[in-house]
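Quick note: the coordinates plus some simple rules give every number you see, no bench work behind them. Bear in mind the structure is a predicted one, so any value in this text is a computation, not a measurement. Backbone-built Cβ (ideal geometry, glycine too); neighbour counts: all protein chains shown.
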Amino acid sequence: MPFVKIWIHLIWSTKNRDPLLPKEIREKVFEHIKENAKDKSIYIDTIGGHIDHVHTLISLKGDQSISKVAMLLKGESSHWVNKNNLTRMKFEWQDEYIAVSVSESIVDKVRAYINNQEEHHRKKSFKEECDEFMKKYGFEVLG
């Protein structure tokens with residue numbers, strides 16, 4: 001049996017970054033995402049976010065891919081939000097996501113960052129945060 005632990009910081013937003021996740025809805029959605037992940041053997045260590053996005057710290061298993069995990073979490077949760085009429089308009093996640101590897105040595109720092117999203121976004125918008133991530137990790141945004 002292989003022993004694999006690959007930490008991934010996975011971030012995604014609502015479609016058009018619409019502010020559809022006020023605290024009361026966000027808490028329900030995050031709880032549901034955690035339950036759904038557990039049912040699918042996806043280990044979410046930490047989940048947090050703000051009114052228009054989600055941050056997760058995930059430990060991938062050897063047979064899991066980032067794209068499959070993102071698809072399972074995003075697809076099922078948007079279906080669940082719509083089925084339960086949690087928003088006034090049709091709920092969708094943005095197609096794009098950010099996924100970066102996390103060294104074991106900074107897992108606690110990433111957990112704290114994810115758990116502090118409410119405070120963090122009093123000072124900085126999600127767009128500003130994304131732009132910083134894109135620059136920090138050398139992502140090139142095309143046209």
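Please report Rg over Rh for region 1-79, where both radii come from the alpha carbon positions and Rh follows the Kirkwood definition.
Rg divided by Rh gives 0.98.
Distance cut-off 26 Å, Cα to Cα: go down the list Lys61/Lys90; Lys15/Lys124; Lys38/Lys136; Lys5/Lys28; Lys83/Lys124 and report the pairs above it.
Lys61/Lys90; Lys38/Lys136; Lys5/Lys28; Lys83/Lys124
At most 11 other C-beta atoms within 10 Å and a DSSP loop state: those are the exposed trypsin sites (Lys or Arg not before Pro) I care about. Give me the longest piece of the chain that has none.
Answer - 6-87.
Let me know the shape class of region 54-121, please: from the alpha-carbon gyration tensor, a ≥ b ≥ c as square roots of the eigenvalues, rounded when a/c is under 1.5, otherwise prolate if a/b is greater than b/c, or oblate.
The shape class here is oblate.
When N counts the residues of the chain, how does its alpha-carbon radius of gyration compare numerically with 2.2 N^0.38 Å, as a ratio?
Normalised by 2.2 N^0.38 Å, the Cα Rg of the chain equals 1.02.
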